[in-house]
Amino acid sequence: MKQHDLDLNQLRAFLEVAERSSFRRAAEELCISAPALSRRVELLEERLGARLLERTSRSVRLTEIGASYRDRARAALDDLDAATILVTQRAAGASGRVTVSCIPSVALGVIPDALRAAEESLPGIRVRVIDDSATIAIAKVRDGEADFGVAFLPEPVPELAFDPVVEDPFVLVVARQHRLAAHRSVRLASLGNESWVALSRASGNRQLINRALADHGIYLPYTHEAAHIASLLALVEAGVGIALLPRLSAPRTSTNIKVLKLTDFALARTIGIVSHPAKRPSSHAAVFRKAVELSLRRSWAPAQRA
């Protein structure tokens with residue numbers, strides 16, 4: 001089959017029949033006659049060289065090949081329709097797409113608020129959020145996949161620009177039933193005999209913590225590790241151990257976890273906007289970046305007071 005032989009009307013006819021299991025109802029939906037619809041499907045089958053539908057006098061059902069083709073064809077047609085709508089909107093100046101890469105705590109606690117705030121100034125905006133580790137979020141900006149990033153820098157990245165927005169201090173998180181939960185603050189140096197859980201060594205947060213612990217001459221006996229903050233919090237909540245986390249990553253409303261300040265361990269990560277100085281942002285990206293900065297400051301304020 002030659003690629004240009006595929007007819008979108010034939011494809012839509014097949015998908016309509018597949019969805020409704022009826023040539024008559026599909027024909028009514030497409031506003032064509034049943035014989036014309038049947039002919040479109042037959043031509044598609046001829047071009048593909050495969051039977052897509054099993055027809056009887058009483059029913060229509062997909063063949064095994066037809067079922068597989070339906071799923072792929074539907075996805076392709078949906079993508080085509082979405083692309084057509086996007087191009088039409090952009091041509092009219094009514095829409096734009098912004099891709100932002102960020103750390104998970106920002107994706108959860110900052111981006112939704114920024115989207116709500118940007119709705120009036122950016123009607124029709126489409127935002128793609130890539131939430132991953134700080135290292136990957138930064139790489140997405142460097143490689144041009146993201147318009148800008150929101151992260152901290154585990155290591156300097158000379159080719160990128162970094163504009164600090166907030167300082168996010170590390171705190172201690174414990175289960176509500178843990179004996180330390182009765183305190184508002186503790187000394188980290190006195191907790192060497194506790195059971196500790198930590199993020200994996202590949203985590204940017206873990207790297208910051210390890211360097212700070214070495215500078216303070218403090219050793220923490222980790223018993224378990226987790227790749228993601230949500231998993232780490234589940235271990236803490238279950239009473240498996242206690243953990244160090246950035247304040248923005250710690251739950252603010254949980255009844256099962258208590259957040260404690262550290263009196264002898266001053267460590268904070270600087271969260272800011274990562275951008276590529278050689279690439280000029282679109283007007284949509286610039287406006288959304290401002291919304292993210294404001295949301296980040298608002299999200300940080302309650303954590304600072306806690």
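Annotations
- Some residue of the stretch 41-58 being under 30 Å from Gly96 (Cβ atoms) and in contact with a Leu (Cβ under 7 Å, 6 or more places away or on another chain): no
- Residue count, the stretch 261-291 (criterion: among the aliphatic types (A, V, I, L, M), touching a residue at least 40 places away in the same chain (Cβ under 8 Å) and assigned to a loop (DSSP other than H, G, I, E, B)): 2
- Checked against (1) out of contact with any Leu (no Cβ under 7 Å at 6 or more places or on another chain); (2) surrounded by 12 or more Cβ atoms within 10 Å (Cβ to Cβ), Pro156 meets all criteria but (2).
- Inspection of the stretch 65-79 identifies at least one residue that is closer than 15 Å to Leu11 by Cβ, touching a strand residue (DSSP E or B) at 6+ places or on another chain (Cβ under 8 Å) and in a helix (DSSP H, G or I).
- Screening the stretch 15-25 for residues that are in a helix (DSSP H, G or I) and over 37 Å from the mean Cα position of the chain (by Cα) and picking the one that is surrounded by the most Cβ atoms within 10 Å (Cβ to Cβ) gives Phe23.
- Some residue of the stretch 174-192 being within 30 Å of Ser101 (Cβ to Cβ) and either modelled with pLDDT of 95 or more or within 32 Å of the chain's Cα centre (by Cα) (or both): no
- Within the stretch 32-39, the presence of a residue that is surrounded by fewer than 14 Cβ atoms within 10 Å (Cβ to Cβ) and under 30 Å from Leu122 (Cβ atoms) is excluded.
- Residue ID - surrounded by the fewest Cβ atoms within 10 Å (Cβ to Cβ), chosen from residues in the stretch 91-144 that are polar (S, T, N, Q) and touching a Ser or Thr at 6+ places or on another chain (Cβ under 8 Å): Ser133
- Residue check for Glu45: in the same structural domain as Asp71 (by TED's automatic domain parsing), crowded, with 16+ Cβ neighbours inside 10 Å and acidic (Asp, Glu): yes
The values are calculated or read from the model by the stated rules, or taken from the named source; none is laboratory data. If you're wondering where the values come from, they're calculated on a predicted model, not measured in any experiment. Positions of Cβ are generated from backbone atoms using ideal geometry, with glycine treated the same way; all protein chains shown enter the neighbour counts.
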